[in-house]
Amino acid sequence: MSRFRRCIYTQGRVKAAPEQIANRIQNLLGDASITYDAELAERINGQRNPVVVVMPQTQEQVSAILCVANEERWTVAPIGGGTHLGAGNVPRPIDVVIRTEMMNRIVDYSPSDMVVCAEAGVPLPILSGILEKERQMLPIDPICASRASIGGIVSVSASGPMRASYGTLRDMTIGLKTIYPDGHLVRTGGKVVKNVAGYDMTKLFVGSYGTLAFLSEMTFKLRPLPLYRALVIVSGMHSDCLAFVQSIIHSQLVPSRTEALYGSFGIDAFGHEKTWCVAVDCDENQIAGQFQANALGKLADRFHLSSITIEGPEEVGAFWRRYQQKLELSQLVIRFAGRPKTLMDVSEKFRAFSAELGIDTCFSVSVTCGIGRVFVQGAKIDANERFVRMCRDLVEAEGGTAVIENGSVMLRQSVDSFGQVKNGFHLMKGIKKAIDPNQIMNPGRLLGGI
Ligand SMILES: Cc1cc2nc3c(=O)[nH]c(=O)nc-3n(C[C@H](O)[C@H](O)[C@H](O)COP(=O)(O)OP(=O)(O)OC[C@H]3O[C@@H](n4cnc5c(N)ncnc54)[C@H](O)[C@@H]3O)c2cc1C
């Protein structure tokens with residue numbers, strides 16, 4: 001643990017105005033870019049005061065900002081791509097936003113070790129482009145991936161359909177550099193895959209929503225790009241699609257994504273958009289990929305489903321890009337989790353709720369992972385609120401969870417984003433208190449208003 005700046009803690013201070021905060025940071029950092037942003041403040045929590053936005057270039061600068069913020073009890077929100085501000089609970093008033101755009105260096109990339117270390121502000125598509133040149137990838141495909149920063153995706157532990165075979169960022173992130181609210185720089189994990197003795201602190205920060213510390217650098221283990229890609233899409237009745245998916249789960253096939261979709265996803269081949277379809281990706285070498293695609297086609301015939309096969313990385317990539325583009329326009333996203341074999345039935349019940357409320361919904365269900373998402377476009381706040389409550393009551397009654405992954409400030413002010421607080425919450429509060437005793441980091445954003 002190293003210390004960049006020593007802090008003086010004082011109690012009972014009166015909060016400074018944005019101009020005073022900006023001046024103080026300007027004096028501290030000299031040439032760093034500092035602005036005010038009222039629109040961003042509105043998006044974060046609907047607050048009237050603009051936030052002071054700082055764009056540091058180095059960890060030392062972040063440390064200095066956090067140190068003075070902690071000393072003065074200014075609240076801080078780190079922001080990367082800014083695509084996920086509608087997630088989590090609405091934070092309490094924020095004074096300072098630390099944007100990560102200027103912290104955008106690839107610190108170390110060793111293709112032969114299949115490990116990359118990069119700064120928080122590196123956009124995911126830029127990182128992917130660099131890795132692709134070495135035929136490697138960070139296998140992660142959340143919605144809004146085209147605008148997300150790697151600091152943001154790690155902070156929210158973003159995932160998409162690829163989670164089914166490649167796991168989550170908690171598995172892929174093997175090391176972090178974090179800057180604690182008191183300015184300490186803390187390293188967790190490292191650059192080798194087995195690098196933890198004791199508690200695995202890296203996993204603690206993945207999915208912490210910026211409520212513990214600023215994540216400045218992250219090290220990921222990588223996977224090779226598949227040699228061949230085929231995508232089989234089947235379509236038909238809900239019950240037949242469900243039986244098809246169940247058969248995949250019990251077969252020896254190893255698809256990289258098995259996503260049950262409902263809604264219009266640009267799959268014109270079937271000519272009927274309002275039915276279920278299942279998109280199954282085979283990332284393999286050519287022989288194994290074609291074998292799997294053929295086997296899936298036969299399985300589709302068995303269940304009387306229409307099927308098409310798309311081959312080639314470009315064509316398959318184009319399908320998933322269309323999928324992303326459609327879903328990133330959603331005003332409300334609810335992620336629900338439960339027993340894998342029940343999720344498509346749960347989705348049907350959600351569909352009935354949405355019909356009752358006059359809401360337009362799309363579904364994307366990673367059946368093999370036990371995770372589904374419902375995407376709502378353009379409904380009124382009160383309908384959305386009722387919809388969230390109805391969905392949550394249903395899944396919680398069956399032991400599952402329903403979390404708002406994206407929603408308006410107004411909606412999240414009236415419905416908690418995470419739902420019931422479970423056992424072990426006191427431990428989470430303890431961790432927050434130990435790392436951020438003055439509650440300056442995104443206060444209120446996480447579960448239970450942490
Ligand atoms: C319509 C819609 C649909 C979505 N669907 C999905 C989905 O299906 N699956 C999924 O996983 N995600 C989903 N997301 C979320 C998406 O994955 C995120 O938008 C993205 O990963 C966040 O990246 P970002 O750089 O924009 O983060 P930001 O929006 O900038 O930040 C997100 C959070 O991380 C914190 N943060 C950012 N950078 C740092 C840092 N360096 N240190 C500490 N904290 C930091 C912020 O304070 C904030 O709390 C969806 C979002 C939208 C808008």
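Worth pointing out:
- Condition check for Val421: among the aliphatic types (A, V, I, L, M) and under 30 Å from Ile179 (Cβ atoms): yes
- Identity of the residue in the range 148-162, more than 6 Å from the ligand (Cβ to nearest atom) and in contact (Cβ under 8 Å) with a residue 60 or more places away in the chain, that ends up surrounded by the most Cβ atoms within 10 Å (Cβ to Cβ): Ile150
- The C-beta contact set for the range 110-135 (first residue closer than 26 Å to Ile98 by Cβ, second residue in a helix (DSSP H, G or I) and small (Gly, Ala, Ser), distance under 6 angstrom, 6+ apart or interchain) comprises Ala120/Gly151.
- Residue match in the range 418-430 (condition: within 16 Å of the ligand (Cβ to nearest atom), farther than 30 Å from Ala383 by Cβ, more than 21 Å from the chain's Cα centre (by Cα) and assigned to a loop (DSSP other than H, G, I, E, B)): no
- Looking across Gly210, Gly183, Gly198, Gly190, one residue alone is away from the ligand (no atom under 15 Å from the Cβ), crowded, with 16+ Cβ neighbours inside 10 Å and among the small types (Gly, Ala, Ser). It is Gly190.
- Among residues of the range 380-392 that are assigned to a helix (DSSP H, G or I), those with a Cβ under 7 angstrom from a residue that is of a type in the set (Ser, Thr, Tyr), sequence gap 6+ or separate chain, pair up as Ile381/Ser408; Glu385/Ser414; Phe387/Ser354.
- Selection within the range 76-97 - within 11 Å of the ligand (Cβ to nearest atom) and closer than 16 Å to Val53 by Cβ: Val76, Ala77, Pro78, Ile79, Gly80, Gly81, Gly82, Leu85, Pro91, Ile94, Val97
- Selection from the range 185-198 of residues that are more than 15 Å from Phe220 (Cβ to Cβ), out of contact with any Leu (no Cβ under 9 Å at 6 or more places or on another chain) and at pLDDT 80 or above: Leu185, Gly198
- Meets criteria (in contact with a Ser or Thr (Cβ under 9 Å, 6 or more places away or on another chain), hydrophobic (A, V, I, L, M, F, W, C) and either surrounded by fewer than 18 Cβ atoms within 10 Å (Cβ to Cβ) or touching a residue at least 24 places away in the same chain (Cβ under 8 Å) (or both)) for Val51: no
- Within the range 270-318, tally of residues that are modelled with pLDDT of 90 or more, β-branched (Val, Ile, Thr) and more than 17 Å from Gln246 (Cβ to Cβ): 5
- Leading residue by the ranking (surrounded by the fewest Cβ atoms within 10 Å (Cβ to Cβ)) among those in the range 122-146 that are near the ligand (Cβ under 9 Å from one of its atoms) and farther than 22 Å from Val62 by Cβ: Cys144
- Residue satisfying all of: in the range 27-48; over 23 Å from His84 (Cα atoms) and either surrounded by 15 or more Cβ atoms within 10 Å (Cβ to Cβ) or touching a Leu at 6+ places or on another chain (Cβ under 8 Å) (or both); modelled with the lowest pLDDT among these: Ala32
- Test: residue in the range 100-121 that is hydroxyl-bearing (Ser, Thr, Tyr), within 11 Å of the ligand (Cβ to nearest atom) and modelled with pLDDT of 95 or more: yes
The values are calculated or read from the model by the stated rules, or taken from the named source; none is laboratory data. Not measured: the values here are computed from a predicted model. Here Cβ is always computed from backbone atoms with ideal geometry, including for glycine, and neighbour counts include all displayed protein chains.
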